[in-house]
Amino acid sequence: MNTADLIAIDTHTHLEVSCRNPFDNYGEEYDRAADKYFRSSRRPTMQETIDYYREKRIGFVNFTVDAEAQLGRRRIPNEEIAEAALANPDIMIAFGSVDPHKGKFGAREVRKLVEEYGVKGFKFHPTVQGFEPADKMAWPLYEVINEHKLPAIFHSGHSGIGSGMRCGGGLRLQNSRPMLLEDVAIAFPDMQIVIAHPSWPWQDEALSLALHKPNVWIDLSGWSPKYFPAQLVQYANTLLKDRILFGSDFPLITPERWMADFEEAGFKDAVKPLILKDNAKRLLNLA
């Protein structure tokens with residue numbers, strides 16, 4: 001990826017539809033609830049996403065979420081994303097997702113994705129995947145990620161998935177409290193932990209953890225910047241300016257909408273380039 005040609009790097013985008021596997025309609029009620037919550041049913045294909053980001057001159061990290069154990073729904077193949085990134089290295093970086101319930105068998109997949117497919121990091125969603133981040137069942141996966149000194153993105157805070165469903169679809173928001181990542185950050189110091197999203201209602205936990213642990217970062221995906229908590233903007237402008245990342249949560253939020261609101265959200269001019277591109281270059285070891 002030639003970062004000099006890019007105006008930004010979006011560290012948080014999703015692939016929501018597979019062009020390889022047939023659609024699995026099991027648990028489709030989660031999709032309909034998400035459509036209502038996010039006021040969007042847009043689910044572009046991999047190629048549509050690549051074309052969109054190349055036109056915008058924005059590099060992007062892309063992943064899915066493997067939650068087969070809790071949701072019972074067939075995942076999108078990690079290989080589909082990894083091979084797309086290998087074919088489009090000018091614009092795309094692949095992250096993997098492996099359900100932590102798969103334990104040591106899942107760790108084998110993590111290693112294969114890194115060593116054979118060049119995957120550059122991993123995504124976890126404790127609420128949707130149904131686990132607490134420090135649960136020892138996930139540690140075999142973390143061990144491989146830590147060994148290769150790669151980043152791992154963890155969803156934090158409220159989740160639109162399950163919102164409005166009876167009992168919230170059985171999904172536990174408490175699994176995504178940022179402070180539950182502290183034991184992970186201590187045990188795996190070479191794994192760069194990215195706390196995804198403004199972490200409402202636990203924003204101060206995320207800021208405290210990132211201030212205390214140098215292997216903890218925060219991405220700003222999932223919200224328009226005009227709604228960011230004041231303390232998040234304050235620390236992004238000062239003590240955490242080197243570990244705050246641009247992320248959109250595409251396709252739920254488009255990068256052009258996010259970036260337009262970002263310009264008006266109170267971020268310092270000197271800090272904006274760090275958030276939009278420079279910090280991601282360091283995290284992802286890009287030139």
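A short reminder: the numbers here are calculations on the coordinates, not readings from a lab. From a predicted model like this one, the values you see are computed outputs, not experimental measurements. Neighbour counts run over all protein chains shown; Cβ positions are idealised from the backbone, glycine included.
Values for this structure:
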read-out: Candidates PHE267, PHE250, PHE63, ranked by Gaussian network fluctuation over the chain, Cα under 10 Å, top entry; value: PHE267
read-out: Modelled FRET efficiency - R0 30 Å, THR238 with ASN2, Cβ distances, 0.05 increments; value: 0.45
read-out: At most 16 other Cβ within 10 Å, DSSP loop - trypsin sites (Lys or Arg not before Pro), the stretch 106-150; value: LYS149
read-out: Where labels lie 7 Å past Cα in the beta-carbon direction, separation of ARG20 and ASP261 in nm; value: 3.3
read-out: When the chain is reduced to its Cα atoms, the Kirkwood hydrodynamic radius in Å; value: 18.8
read-out: Violating pairs (Cα-Cα greater than 31 angstrom) within the set LYS123/LYS272; LYS112/LYS277; LYS213/LYS281; LYS36/LYS213; LYS36/LYS112; value: LYS36/LYS213; LYS36/LYS112
read-out: Spin-label proximity, THR45 to the stretch 1-16 - amide N less than 17 Å from point 7 Å beyond Cα toward beta carbon; value: 15-16
read-out: Whole-Hz couplings from phi, Karplus 6.51/-1.76/1.60, listed for the stretch 172-182; x for Gly and Pro; value: 9, 4, 4, 5, 9, 6, x, 5, 5, 8, 4
